Amino acid sequence: MFRATKDVVLPTTITGSLPRPSWYTEQLGHRSFMDAMVNNRFREQYVDTVSVYLHEQEVAGLDIATDGDAHFDSDVGGQSWTNYPTRHMGGFDRGNPQPIRAGQGGLGFPPGHILHDYLEARVMPGIVGPVTRGDLQYTAMWKTAQRLTRKPVKFGTIGPELVAFAVPDKHYKNIRDRILAISDALNAELNDLADAGCQAIQFEEPQIHLLAIRNIVDAVINPAFSVDVFNNTVKGLRAKTEVWCHTCWGNPSQQRMFAHVQSYKSALELLNKVDADVITFESVSAGGADLEAIGKTITDKKIAIGVIDHHVLQVERPEEIADHIRRALKFIPPERLAISSDCGMGREGMSRRHAFYKIVALVQGTNIVRRELGLPVAECLATDQRYSLVLPAQK
């Protein structure tokens, strides 16, 4: 059900995470969010951080905001995205996390590669009992952000597969049962989030495209099963909220995880089957290579293309972004096109200032195309010459 993007042509947003402010020194750790919010120091830093994130997105002129994934800790390579569920869901041995040996999960980065640090930082609790939603408390986090802005706040979560791949398991008989148990628990959590009024919920990184590109033919771990996992995890949501399916090719420490640019083409027919309203695609970091295939295959959902590259510090020029949008419009009608970032901008890979001006450029570039199409433009306060410290005010 379209809510966040309803009646908005070329809506703008970002994928999720934003760099942490230097003064945000508190960590959530194993505490539940509600328990941490009792502590006045954590509460002040957390709420101030979310307020800054939302304010900067409003100043830039985004249509749909995020809370910047402010509940994640400061860590190596963005591991909190993966280990937050394991530290807060029931059924995990939270007090005894273990390093995951290289080779598990299909990742292979040797010593001397920046992502070897990422492998060494994969210290995860194992499953020792039935997995439950525990104290994920997504609804409380979303409410904390939504009451600070009138813009819809999109809330995202990692999907069950990557969590299941990353943890030791002493309870479930096989990986299929483990994945579905995590999926069921996330589904209960996300339905409560939707019931609370969240207008956009984002399932991040189903394994459909990653398994398809690797031509995985395992009887359980395969692209078709990944579609089933996605649909089970979001079951019941589309009657209550807008569901986003975020796909990318990995983003630890703002690094590429593949030696070569990957293509979505082998996964597009399967992605058509996910129970989502919007599907996001990395696009600008691949030079827009799959735009035609995406537009011709994904025909009954909205498509969000990334127009800012999370891998690089170079801030895109608005004219470059406008050109990328024009290319997409050759294959995707404007009423079904959304504008986003390729992936999140992380917590250690770039500065807040870089992230902010990338978002400003995203809105500026979209406004160029909106004007060309005769559409309303977004107010971008950051570009208002009247408030420059070095330029004279325009009359």
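The values are calculated or read from the model by the stated rules, or taken from the named source; none is laboratory data. Values in this document were obtained by computation on a predicted structure and should not be read as measured data. We place every Cβ from the backbone using ideal geometry, glycine too, and count neighbours over all the protein chains shown.
Side notes on the structure shown:
- Positions within segment 144-177 being of a type outside the set (Gly, Ala, Ser) and assigned to a helix (DSSP H, G or I), in sequence order: Thr144, Gln146, Pro160, Glu161, Leu162, Val163, Phe165, Ile175, Arg176, Asp177
- Scanning segment 318-335 for residues that are touching a residue at least 60 places away in the same chain (Cβ under 8 Å) and either surrounded by fewer than 17 Cβ atoms within 10 Å (Cβ to Cβ) or not in a helix (DSSP H, G or I) (or both) yields a count of 2.
- Residues of segment 242-262 satisfying the condition of being under 17 Å from the mean Cα position of the chain (by Cα) and of a type in the set (S, T, N, Q): Thr247, Asn251, Ser253, Gln254, Gln255
- Qualifying residue in segment 26-43 (condition: in a loop (DSSP other than H, G, I, E, B), touching a Cys at 6+ places or on another chain (Cβ under 8 Å) and either of a type in the set (Ser, Thr, Tyr) or surrounded by 20 or more Cβ atoms within 10 Å (Cβ to Cβ) (or both)): no
- With respect to the stated conditions, Ala338 fails to be hydrophobic (A, V, I, L, M, F, W, C), surrounded by fewer than 23 Cβ atoms within 10 Å (Cβ to Cβ) and either within 22 Å of Phe203 (Cβ to Cβ) or out of contact with any helix residue (DSSP H, G or I) (no Cβ under 8 Å at 6 or more places or on another chain) (or both).
- For beta carbons closer than 7 Å, sequence separation of 6+ or different chains, a first residue in segment 373-395 that is surrounded by 10 or more Cβ atoms within 10 Å (Cβ to Cβ) and a second that is in a loop (DSSP other than H, G, I, E, B) and of a type in the set (Asp, Glu), the qualifying pairs are Ala378/Asp63.
- For the residues Gly68, Gly61, Gly77, the requirement of being within 30 Å of Arg370 (Cβ to Cβ), crowded, with 23+ Cβ neighbours inside 10 Å and not basic (Lys, Arg) singles out Gly68.
- Complete set of residues in segment 253-308 that are assigned to a loop (DSSP other than H, G, I, E, B) and either in contact (Cβ under 8 Å) with a residue 60 or more places away in the chain or charged (D, E, K, R) (or both): Gln255, Arg256, Met257, Lys273, Val274, Asp275, Ala276, Asp277, Glu282, Asp290, Asp300, Lys301
- Residue in segment 194-201 that is free of Cβ contacts under 8 Å to residues at least 60 places away in the same chain, touching an Asp or Glu at 6+ places or on another chain (Cβ under 8 Å), among the aliphatic types (A, V, I, L, M) and not in a loop (DSSP other than H, G, I, E, B) present: yes
Each row is one residue, and each column tells you yes or no for (1) out of contact with any strand residue (DSSP E or B) (no Cβ under 7 Å at 6 or more places or on another chain); (2) farther than 28 Å from Val360 by Cα; (3) not charged (D, E, K, R).
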residue: Asp63; (1), (2), (3): no, no, no
residue: Gly68; (1), (2), (3): yes, no, yes
residue: Arg87; (1), (2), (3): yes, yes, no
residue: Arg94; (1), (2), (3): yes, yes, no
residue: Pro130; (1), (2), (3): no, yes, yes
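- When residues of segment 66-86 are limited to those that are touching an Asp or Glu at 6+ places or on another chain (Cβ under 7 Å) and outside any helix (DSSP H, G or I), the one nearest to Gly156 (Cα to Cα): Gly77
- Residues (buried (at least 23 other Cβ atoms within 10 Å of the Cβ) and out of contact with any Gly (no Cβ under 8 Å at 6 or more places or on another chain)) located in segment 159-182: Gly159, Pro160, Glu161, Val163, Ala164, Ile179, Ile182
- Some residue of segment 292-308 being more than 26 Å from Pro152 (Cβ to Cβ) and within 20 Å of the chain's Cα centre (by Cα): no
- Selection status of Thr149, surrounded by fewer than 22 Cβ atoms within 10 Å (Cβ to Cβ), touching a helix residue (DSSP H, G or I) at 6+ places or on another chain (Cβ under 7 Å), of a type in the set (Val, Ile, Thr) and closer than 19 Å to Leu190 by Cα: no
- Qualifying residue in segment 345-364 (condition: surrounded by fewer than 20 Cβ atoms within 10 Å (Cβ to Cβ) and either within 13 Å of Ile325 (Cα to Cα) or over 25 Å from the mean Cα position of the chain (by Cα) (or both)): no
- Unmet criterion (only one of (1) farther than 17 Å from Gly68 by Cα; (2) under 18 Å from the mean Cα position of the chain (by Cα); (3) free of Cβ contacts under 8 Å to residues at least 60 places away in the same chain; (4) crowded, with 24+ Cβ neighbours inside 10 Å) for Val131: (2)
- Scope segment 242-265; condition among the polar types (S, T, N, Q) and modelled with pLDDT of 95 or more; matching residues: Thr247, Ser263
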